[in-house]
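Data first, discussion second: the structure below is written as structure tokens.
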Amino acid sequence: MPVPGVSLGCDYNPEQWSPDVWREDVALMQQAGVGLVAVNIFGWSNLEPSPGKHHFDDLDEVLDLLHAGGIRVNLGTGTSSPPPWLSARHPEILPVAIDGTTRFPGGRQAWCPSSPVFRERTLDLVERVAQRYGNHPALALWHVSNELGCHNALCYCENSAVAFRTWLRDRYQSIEALNDAWGTSFWSQRYGDWDEIQTPRLALSLRNPGQLVDFQRFSSDELLGHYRAETAILRRNSSAPVTTNFMVTAHIRNLDYWSWAPEMDIVANDHYLDHRLGNPTAELSFAADLTRGLAGGRPWMLMEQAAGAVNWQPHNLAKAPGEMIRNSLTHVARGADSVCFFQWRASAQGAEKFHSALLPHAGTDTAAWRDVLRLSETLQRIGEVAGTAVVSDVALLFSWESWWSSEGEARPSQAVTYLGQVHATHRALRELGVTVDVVSPDADLSGYRLVVVPGLYMVGDAAAERITEYTRDGGHLLVTYFSGIVDERDRVRLGGYPGAFREVLGVLSEEFAPMPPGDEVRLSNGATATLWTERLRLAGAASVASGPDGTPAITRNEHGDGTAWYVATELDPRGMRDLVRNVITAAGVKAVGPETDGSVEVIRRTGEGRSYLFVINHGTTPVACPVAGYDLVTAEHITTVVGGGIAVIREEKA
Ligand code: GAL
């Protein structure tokens, strides 16, 4: 980690303010215990105000001021948004949307990931920044670009088409192999030459799903290529660690972070509560677990979150008293060793002037600022947890490829979503007090008591075989519907659903039978089911619950030394929780916390000779701690945590 302990940090945009404010900023940062700031994130037009003319004086001064104040720097390469002169001179760098129309400058990130001109100008800037600051004493971490692909991940311009063809040649080698992979015999789509292939712009009818999933893969790789190109320059000029901020969140899905994560020196994530979702706090916990999975279980950084409201949702809710601290501690409980915010000082101008910040428009005589000081003190008090790890015996498999491909244009039900299934299973485990590792379908599963596979529509042979073997060797498996349906080419696995998992689950589904949204049926075990049913028959498994006509809806199969459960419908939250309770009991999974409606989270972090129990009480009434002990937050021996409160209990190690 760039800063010891559990650090507090933020984005800092001094270019929006005059130099006298910078001095006040550093003094207030010291007061608030800010240890790390991300600067130069959107610095390009200041550093290079006209082509080839550079101006580093301001950034020099800011870095020196921060250094003098004892604040470490997470230095942006400054390339996330090009200056207006670049797109004015080279309009060909502008991204083209799915309908073939250009996206113009005036916002941010208006660049095509495959643009050679953009790449060249970017690398020129990075070289200069790296040479100038690569050994600056304040430098703790490099921050490549910013949220790569937040807006521009999918570009459909001619440069992108050229790069897409090169990527496809690499993948398939021959045009015959590509035709085979995309199933182009369908609708007369057979290609005779690479140059005939386009980016998948909007068409008159449904587009080729094989092409769509490859375009997603290509787009993710293209931006990863950009990250690599910037990183190579940083490494030549500096020994500081390098990262970029991921967006593990419900509304952004274009990058396959499983392929990105190994290239990060430290995994960092940006997370904003999304009030458009049914349960934003549960999604925060899921995102934190997934980020820990990306970090391979090692500590990670929360690179951005909001102190209060954001400005980009339809209704931007302020945080309730204590909520910002609970959110922060939830990330720490789930493995973050650094808690950073967007941004330091609320902007007076620009598109984000109504986005919250650590220092609000109203200044320091505010409840928000006092909360920041309280968080800072809390993080200092719990500093000794840094470096410890979250241990779990349940894995949930997550796949961006399944997300992309399962939500294709033509599918059995538009009401079924990938995240819907993922969140439903994670939520049930969270409410049962069980901590979950969210890992790749290609992960080593051997250490887990239970593996949960929600809606894993696309799965390769090797991963499917590993999951089956895991079960055969004594593991417990829980699979939910619309899993195992296609291979990596989006080609249906024939012989009955759920294709890849038929054997391990001991079932065969002859046909999907989705229900119209709004309809529901009562299962034989009392659970309510919606959205999805299947013409499912048993092929070795036992029925655990069935629909009104007797068709199995939940099944259980003994496979080798293990047990595999299948859920062939969308269960209501209570039904899912009841099922998962049975599954964890059978698997011998021990909950860390009590069963609640999600209002209490208990997570354990352990390290050599030390162990800490985080208790986060989202509810309004006190809760009993699963173990009484010394709480680092209040510096007292406690037995309960007050409503809305948090505790970090230092456990006695046996
Ligand atoms: C992130 C971005 C920040 C800021 C923030 C606002 O997407 O990295 O620069 O825009 O959102 O929520």
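(1) away from the ligand (no atom under 14 Å from the Cβ); (2) crowded, with 23+ Cβ neighbours inside 10 Å; (3) over 19 Å from the mean Cα position of the chain (by Cα): which one isn't true of S338, the others all being true?
(3)
Quickly run through the stretch 429-463 and pick out the residues that are under 20 Å from T249 (Cα atoms), part of a helix (DSSP H, G or I) and open to solvent by 10 Å² or more (accessible area, probe 1.4 Å).
Scanning the stretch 429-463 gives a single hit, R430.
So which of S399, S376, S413 ends up being open to solvent by less than 20 Å² (accessible area, probe 1.4 Å) and under 26 Å from G518 (Cα atoms)?
Every option except S413 fails the conditions.
Say whether the condition of being charged (D, E, K, R), outside any loop (DSSP other than H, G, I, E, B) and outside the structural domain of V129 (by TED's automatic domain parsing) is met by at least one residue in the stretch 181-190.
Looking through the stretch 181-190, none of the residues is charged (D, E, K, R), outside any loop (DSSP other than H, G, I, E, B) and outside the structural domain of V129 (by TED's automatic domain parsing).
Check whether at least one residue in the stretch 464-478 is open to solvent by 30 Å² or more (accessible area, probe 1.4 Å), free of Cβ contacts under 8 Å to residues at least 12 places away in the same chain and assigned by TED's automatic domain parsing to the domain that holds V452, and report yes or no.
Yes, because at least one residue in the stretch 464-478 is open to solvent by 30 Å² or more (accessible area, probe 1.4 Å), free of Cβ contacts under 8 Å to residues at least 12 places away in the same chain and assigned by TED's automatic domain parsing to the domain that holds V452.
Quick one: count up the residues across the stretch 1-38 that are under 22 Å from L302 (Cα atoms), open to solvent by 40 Å² or more (accessible area, probe 1.4 Å) and among the polar types (S, T, N, Q).
Residues in the stretch 1-38 being under 22 Å from L302 (Cα atoms), open to solvent by 40 Å² or more (accessible area, probe 1.4 Å) and among the polar types (S, T, N, Q): 2 in total.
Restricting the search to the stretch 508-553, which residues are touching a Pro at 6+ places or on another chain (Cβ under 7 Å), aliphatic (A, V, I, L, M) and under 19 Å from A564 (Cβ atoms)?
Within the stretch 508-553, L536, L538 qualify.
Identify, from the list G35, G43, G70, G76, the residue that is at positive phi and either modelled with pLDDT under 95 or not hydroxyl-bearing (S, T, Y) (or both).
G70
Can you tell me which residue is nearest to V6 (Cα to Cα) among those in the stretch 312-322 that are open to solvent by less than 50 Å² (accessible area, probe 1.4 Å) and away from the ligand (no atom under 16 Å from the Cβ)?
Among those residues, the one meeting the criterion is G322.
Give T563, T620, T585 a once-over and let me know the one that is touching a strand residue (DSSP E or B) at 6+ places or on another chain (Cβ under 6 Å) and among the polar types (S, T, N, Q).
Sole residue among the options that is touching a strand residue (DSSP E or B) at 6+ places or on another chain (Cβ under 6 Å) and among the polar types (S, T, N, Q): T563.
Out of the residues in the stretch 297-311 meeting the condition of being farther than 19 Å from A346 by Cβ and open to solvent by 20 Å² or more (accessible area, probe 1.4 Å), tell me which one is nearest to the ligand (Cβ to nearest atom).
Only one residue tops the list, namely P299.
Looking at (1) at positive phi; (2) open to solvent by less than 10 Å² (accessible area, probe 1.4 Å), which one does V213 not meet, given that it meets all the others?
(1)
Hey, which of the strands (runs of 3 or more DSSP E) in the stretch 543-645, taking only ones fully inside, have at least 3 residues that are open to solvent by less than 20 Å² (accessible area, probe 1.4 Å) and touching a residue at least 24 places away in the same chain (Cβ under 8 Å)?
Once the strands (runs of 3 or more DSSP E) in the stretch 543-645 are filtered for at least 3 residues that are open to solvent by less than 20 Å² (accessible area, probe 1.4 Å) and touching a residue at least 24 places away in the same chain (Cβ under 8 Å), what remains is 552-559, 562-567, 600-607, 610-617.
Which condition breaks for I41 when tested against (1) assigned to a loop (DSSP other than H, G, I, E, B); (2) within 16 Å of the ligand (Cβ to nearest atom); (3) open to solvent by 10 Å² or more (accessible area, probe 1.4 Å); (4) closer than 26 Å to P360 by Cα?
Checking I41 against (1) assigned to a loop (DSSP other than H, G, I, E, B); (2) within 16 Å of the ligand (Cβ to nearest atom); (3) open to solvent by 10 Å² or more (accessible area, probe 1.4 Å); (4) closer than 26 Å to P360 by Cα, the one that fails is (3).
Taking the stretch 219-231 as the search range and keeping residues that are of a type outside the set (D, E) and over 19 Å from the mean Cα position of the chain (by Cα), which one is nearest to S406 (Cα to Cα)?
Out of the qualifying residues, it is G225.
When residues of the stretch 219-263 are filtered for being assigned to a loop (DSSP other than H, G, I, E, B) and within 16 Å of the ligand (Cβ to nearest atom), how many remain?
10
Quick check, is A287 within 16 Å of the ligand (Cβ to nearest atom) and open to solvent by less than 10 Å² (accessible area, probe 1.4 Å)?
Yes; evaluated as a whole, the condition is true for this residue.
Across the stretch 264-284, what is the total count of residues that are open to solvent by less than 30 Å² (accessible area, probe 1.4 Å) and either of a type outside the set (S, T, Y) or assigned to a helix (DSSP H, G or I) (or both)?
13
I need every pair where a residue in the stretch 272-286 that is under 15 Å from I616 (Cβ atoms) has its Cβ under 6 Å from the Cβ of a residue that is outside any loop (DSSP other than H, G, I, E, B) and within 16 Å of the ligand (Cβ to nearest atom), sequence separation at least 6 or different chains.
If the second residue must be outside any loop (DSSP other than H, G, I, E, B) and within 16 Å of the ligand (Cβ to nearest atom), the pairs left are L273/P280.
The values are calculated or read from the model by the stated rules, or taken from the named source; none is laboratory data. These figures come from a predicted structure and were not determined experimentally. Reconstructed Cβ throughout: ideal geometry from the backbone, glycine too, with neighbour counts over all protein chains shown. The protein model used for the area step is the full one, side chains on, heavy atoms only, and it has no ligands, DNA or RNA in it. Shrake-Rupley method; radii C 1.70, N 1.55, O 1.52, S 1.80 Å.
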